[in-house]
Structure formats: C-alpha cells, structure tokens
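Encoded as structure tokens, the structure appears first; notes follow it.
Derivation of every value follows stated rules applied to the coordinates shown; laboratory data play no part. Predicted model only: the values in this text are computed from it and were never measured. Using ideal geometry, Cβ is built from the backbone for each residue, glycine included, and neighbour counts are taken over all protein chains shown.
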Amino acid sequence: MLKIGEFSKLSRISIRMLRHYDELGLLMPVEIDRFTGYRYYAEEQLIAAGRITSLRDMGFGLAAIGVMLAQRDDREAMERMMDEQLSALNAQAALIAAQIRLLRTAKERLRKDEEIMHYDVTLKTIPERYAACMRMTIPRYDCEGMLWSALVSETAHLHMQDGDPCLCAVVYHDREYKEQDVDCEAQKTVKGRYPDTEHVRFKTLPAVRVASTTVKGPYDLIDGANAAVAGWVRDNGYGFDGPAFFIYHVSPHETQSPEEFVTELCYPVKEE
C-alpha cells in the first residue's frame, strides 16, 4: 500500500485534494491507521485517480464525476453525459469566440482612434413592397437564423422569385430589449403572387418613412449606429413611430466574413 504522500506524487493529485475526494466519497483510502491517522491507498487506486483527473480535465464537476464513476460500466449513460458536456463546452467556446472578437474589434478602434465612429443618418422612404413574411418568437437575438431557415424551408416548394431589389429585413416587434423570447418578423421581397403557407404570409407592406444609417462590418458596431440615429432624431425634431427593422444587404448568407456585412438600420419616424 502507499502512504498518502506517495500516492499524491504518483497520482499527481495534491494531498489537500485527496482529502477532499475522500470527504466526497470519490476516492477513499483503503485503510486509515486508527492510532496515527495515516491514510493508505492501494496501487490499483491510481487508475481511479487518473480517471478522475481525466474527467476534471474535460470540464466535469466533482458531482458529475461521482455519478460517472458510479455508472462507469453503463456505456450508454457515460456517452450521454459526455454528449451533454460536449454541448456545454461548444456553447462556452462560441461565447469565448464572440468575446475575443469584441476585444479585437475594440483594439482596432483604439488604434484607429475611432472609439466614436461617424455614421451618416438620412431621412428616406422605403417604398411599398410585396413580401414573404414570417413572424415568430426566437430564444435570443442571435438566434435570428432560425427564423430565416424556417421561412426558406416552408416556401421552398413555391420557387419564389426574388424582388428587384430583393430586400431581406427583420422587424423587431417588442417595445423593449428582450433577453429572451424575442418577437421578430422576417420579410423578403419577392416578384409575383403566392399563396400563404402555414406560417408564411404574403402581403403588401406599406411605404414607410425612416431615419436610416448603414453599418459596414460586424454586428457589434450596431450599438454605435443606434446612438447616431437617436441623436439625429432628437436634433431634427422627429420621434420614433413604430418598430425598427434592419435590412441585410450583405449578410452571413453571402459571406462568412463579418467585416463584409452591410446592414441598414431603419427606424420609422414622424415629425413632432
């Protein structure tokens, strides 16, 4: 048998953590001397120690590790827990990737002295147009792709012809920013006339006067553009008049490079 110090060196687990594992019932010594309190481990327990370390390296918490050790002979249960952990890690990786992108963008702005970027805001009228429209509630703003995928899938059999110009826009119907359950509507202009499907409505959208500005680059820049529009509305005697919508002139559908995105922000306005 091995004393706790020897076991610690061979397993590469600190004595403090070995004692913690003992308290949790994850890895208990095979014997504790009742006179000295010395803890002894069997050589075979090095395999269990290695398994615990491997699972921790995969990001599993100690509670989950305890369950996995208890079910180590149940291959399906182990695979299910690993799949769940893989999904969680992929979500974390996506979040970290977004944070890295934000940091890099912020650094570029600092280098170019563009912390306050200039956006030209114009008053324009979006003309009347005929469009395929699908409205649904999505989990978050960054899940907008779900809306477009549903629209495309449900209308594929209609072989729609793109409008000229083909304007792809999303209207945000909520009166406030929502952290979840976002009410939005995809609108795509089309030529011809088509029957409604289960969730897609074909309708003529009325002309609307908007304060508009265009953002070239990643969607992270939209906050600055929103501030420019709000300032223009205030300074020119207008008020907001209805839900905002974004027109995607160049989107992830056309390019995978966020630097090439072109997004037009449209805020319906009225004179006050």
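Residues considered: ALA77, ALA93, ALA131. Largest GNM mean-square fluctuation over the chain, using C-alpha springs under 10 Å, is found at ALA77.
Along the positive direction of the dipole of the chain (beta-carbon charges: Lys, Arg +1; Asp, Glu -1; about the Cα centre), which of ILE138, LEU2, LEU265 reaches farthest? Result: LEU2. Springs join every pair of Cα atoms under 10 Å in this Gaussian network model of the chain, and among ASP220, ASP183, ASP83 the largest mean-square fluctuation is at ASP83.
Rg ratio for segment 205-272: its Cα radius of gyration over 2.2 N^0.38 Å, N being its residue count, equals 1.19.
Each 5 Å bin from zero holds the following percent of Cα-Cα pairs in segment 1-147: 2, 7, 11, 11, 9, 10, 9, 8, 7, 6, 6, 5, 4, 3, 2, 1, 1, 0, 0.
Around the Cα centre of segment 4-70, unit charges on the Cβ atoms of Lys, Arg, Asp and Glu (plus for the first two, minus for the last two) sum to a dipole of about 220 debye.
Just to be sure I understand the curve: with the Debye formula and one point per C-alpha of segment 129-272, what is log10 I(q)/I(0) at q = 0.14, 0.15, 0.19 Å⁻¹? Log10 I(q)/I(0), no solvent term: -0.71, -0.82, -1.28. Report summary: the helix-based calculation at 222 nm, which adds -39500 (n - 2.57) for every DSSP H run with n ≥ 4 and divides by the residues of the chain, gives -12500 deg cm²/dmol.
Loop-located trypsin sites (Lys or Arg not before Pro) in segment 119-219 (DSSP state not H, G, I, E or B) with no more than 13 neighbouring Cβ atoms inside 10 Å: ARG140, ARG175, ARG193.
Remark: relative contact order (the chain) = 15 percent; criterion is Cα-Cα distance under 8 angstrom and separation of 6 or more residues.
Overall, the anisotropy analysis places segment 1-60 in the prolate class: the square-rooted eigenvalues a ≥ b ≥ c of its C-alpha gyration tensor yield a/c not less than 1.5, with a/b exceeding b/c. For the chain, the longest principal axis of the alpha carbon atoms and the long axis of helix 144-155 meet at an angle near 60°. So how tilted is helix 45-57 from the main axis of the chain? Cα-based, degrees 0 to 90, rounded to 10. Compared with the principal axis, the helix lies near 20 degrees.
If I build a Gaussian network model for the chain, linking alpha-carbon pairs within less than 10 angstrom, which residue out of PHE261, PHE60, PHE202 has the largest mean-square fluctuation? Of PHE261, PHE60, PHE202, the most mobile in the Gaussian network model is PHE60.
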